[in-house]
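Single-structure report; data block below.
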Amino acid sequence: MNDIARAGSLAPELNTHQDLEAFWMPFTANRQFKDRPRMLARAEGMHYYTPEGHQILDGTAGLWCVNAGHCRKPIVDAISQAAATLDYAPSFNMGHPMAFDLASRLVELAGDPFNHVFFCNSGSEAVDSALKIALSYHRLRGEGQRTRFIGRERGYHGVGFGGISVGGIPGNRKMFSAMLPGVDHMPHTWNLKEAAFSRGQPSWGEHLADELERIITLHDASTIAAVIVEPVAGSAGVLVPPKGYLEKLRAITEKHGILLIFDEVITGFGRLGKPFGWQYFGVAPDLYTVAKGVNSGAAPMGAVFARKGIYETFMQGPQAAIEFAHGYTYSAHPISCAAALATLDVYRDEGLLTRAAELAQHWEDALHSLKGVRNVIDIRNIGLMGAVELASRDGAPGMRAYEAHCKAFFDEGLLVRYTGDIIAMSPPLIISTNQIDEIVARLRRVLEKID
Ligand SMILES: Cc1ncc(COP(=O)(O)O)c(C=O)c1O
């Protein structure tokens, strides 16, 4: 147990021999996990603590979401006050002040050209909401034949039927044959031969955006409602867009009257050193989704931002008619709104939405120092996101990264994510340079021990 600090008496009394059977765990190899549970009991700042009190350095901000760090007091206080004051309020034909305040704050943070926000409870719901907004928008403008969507291979847009249809991760699609009809996919942008060990955006690959023109020609532009991409593909292993690629997608979609949707569930809220990824890349989409960092993961929440003109297109017909027949019981839930308002204050007061820009060079240099460590075939980074790709073992894809993940957790007290044979990292934005070095030192020790 190298380097695992013991929090001893700080650890809550938990029954570590509890029965794990009944919980059908999401996106988990249940039997493998239950054989070797990796349990978290509490969290604070940059760390988790196991039920036994071992301290775990959080290299992934939970699941790409705890951008302000764990259990921040202003956020905790806001949640407990909301829970005691207004536990729940419907948002259908009713409202509560925090929802309106939050929407105004978010629109202000986004700035031009975005002027409205639609609330939901997760990234998956945000994606489905954005797809439905796109379809309705075209129909309201007399272009109801625009029903197709174009996503991208290796894209992750959550797990709703809309999200898996436009998403491009085969394992998330293969069991669910009935998906949205009329969806096509662009190629993903990663190429080990051409772009391995690129620092930031690769110089190779802008031409891949031309594939969009080919797909548009095939289906005819007049049938396509929207193109959806993550500005940086996160869940597929931090695939950084080539230089000029997003700009080209924007130009092509604009030319053909097709909406461009950015899925910013990971890149939103400071991950790249600007409040939103589109601001970092200087490419404004028509709609963009957020979730996770909106309240630093403290309560379920998602949202869709709409460019000027989209909401206004819906505001027609009789005054008493519902303009968009869509929404969730928990849209703009008071507890989630309170958490988000407090989180935005923390982000503002501590400069966290631009902190990744200050740390990005240190992060990049630290991660790329792993070049040459055995089995490492690629390292990718942008803002405070990073990935180390390992060669797969013959006949056992994913096992090397899984072992690295377990060793990191148990031997080094480090939380990293793994997807296939890729180790992905996205630490809380409060991380120090020493902690960045610590993540990389621990990961190096792990990788050196794994064959
Ligand atoms: C880009 C992107 N979109 C959508 C989602 C789905 O979010 P949720 O798990 O909150 O439904 C995720 C989750 O990681 C994501 O990374």
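The values are calculated or read from the model by the stated rules, or taken from the named source; none is laboratory data. This is a predicted model, so every value here is computed, not measured. For neighbour counting, all protein chains shown are included, and Cβ atoms are generated from backbone atoms with ideal geometry for every residue, glycine included.
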How do the pairs read when you match residues in the range 250-268 that are farther than 30 Å from A68 by Cβ with residues anywhere that are among the small types (G, A, S) and within 16 Å of the ligand (Cβ to nearest atom), using Cβ under 7 Å and keeping only pairs 6 or more apart or on different chains? I258/A226; L259/A134; L259/A226
Among the residues in the range 138-152, are any closer than 12 Å to A306 by Cα, assigned to a helix (DSSP H, G or I) and aliphatic (A, V, I, L, M)? no
Return a yes/no flag: does the range 338-359 have any residue that is in contact (Cβ under 8 Å) with a residue 40 or more places away in the chain, within 30 Å of D87 (Cβ to Cβ) and charged (D, E, K, R). yes
Pairs, please: C-beta under 7 Å, at least 6 apart or cross-chain, first residue closer than 20 Å to A29 by Cα and in the range 153-178, second β-branched (V, I, T) and in a helix (DSSP H, G or I)? G158/V127; N172/I164; R173/I164; F176/I164
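Take the residues in the range 155-172 that are under 17 Å from G123 (Cα atoms) and in a helix (DSSP H, G or I), then tell me which one is nearest to the ligand (Cβ to nearest atom).
So, considering only residues that are under 17 Å from G123 (Cα atoms) and in a helix (DSSP H, G or I), the one nearest to the ligand (Cβ to nearest atom) is G163.
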Any idea which residue in the range 181-228 is farthest from S369 (Cα to Cα), counting only those that are touching a Leu at 6+ places or on another chain (Cβ under 7 Å) and not aliphatic (A, V, I, L, M)? P187
For the range 264-285, check the following and say yes or no: at least one residue is among the hydroxyl-bearing types (S, T, Y) and within 16 Å of the ligand (Cβ to nearest atom). yes
Condition first: of a type outside the set (D, E), over 21 Å from L390 (Cβ atoms) and either surrounded by fewer than 14 Cβ atoms within 10 Å (Cβ to Cβ) or more than 16 Å from the ligand (Cβ to nearest atom) (or both). Can you find one or more residues in the range 188-199 that meet it? no
The one condition D184 fails out of (1) more than 30 Å from L367 (Cβ to Cβ); (2) within 16 Å of the ligand (Cβ to nearest atom); (3) in a strand (DSSP E or B) is (2)
Out of all the residues in the range 79-101, is one or more among the small types (G, A, S) and touching an Asp or Glu at 6+ places or on another chain (Cβ under 8 Å)? no
Out of all the residues in the range 206-262, which are within 15 Å of the ligand (Cβ to nearest atom), β-branched (V, I, T) and part of a loop (DSSP other than H, G, I, E, B)? V232, V238, V240
Would you check if A110 is within 16 Å of the ligand (Cβ to nearest atom), among the aliphatic types (A, V, I, L, M), within 26 Å of G282 (Cα to Cα) and at pLDDT 95 or above? no
Could you name every one of the strands (runs of 3 or more DSSP E) located completely within the range 301-419 that has at least 1 residues being closer than 22 Å to Y288 by Cα? 302-307, 376-382, 385-390
Here is a list: K308, K292. Which entry is surrounded by 24 or more Cβ atoms within 10 Å (Cβ to Cβ), basic (K, R) and at pLDDT 95 or above? K292
Cβ pairs under 6 Å, 6+ apart or interchain, first in the range 207-236 and over 30 Å from K292 (Cβ atoms) and without any contact (Cβ under 8 Å) to a residue 40 or more places away in the chain, second within 16 Å of the ligand (Cβ to nearest atom) and not in a loop (DSSP other than H, G, I, E, B), ordered by first then second residue, are none
Can you find even one residue in the range 323-332 that is crowded, with 21+ Cβ neighbours inside 10 Å and not small (G, A, S)? no
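Could you say whether any residue in the range 108-121 is assigned to a helix (DSSP H, G or I) and over 17 Å from Y311 (Cα atoms)?
Scanning the range 108-121, I find at least one residue that is assigned to a helix (DSSP H, G or I) and over 17 Å from Y311 (Cα atoms), so the answer is yes.
Residue-wise test of (1) within 16 Å of the ligand (Cβ to nearest atom); (2) farther than 20 Å from V290 by Cβ.
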| position | (1), (2) |
| --- | --- |
| C71 | no, yes |
| S80 | no, yes |
| Y88 | no, yes |
| V127 | yes, no |
| A130 | yes, no |
| F149 | yes, no |
| E153 | yes, yes |
Here's a check for you: in the range 47-62, which residue that is out of contact with any strand residue (DSSP E or B) (no Cβ under 6 Å at 6 or more places or on another chain) and more than 14 Å from A299 (Cβ to Cβ) is nearest to the ligand (Cβ to nearest atom)? A61
Out of the residues in the range 22-75 that are of a type in the set (G, A, S) and out of contact with any helix residue (DSSP H, G or I) (no Cβ under 6 Å at 6 or more places or on another chain), which is farthest from I439 (Cα to Cα)? A22
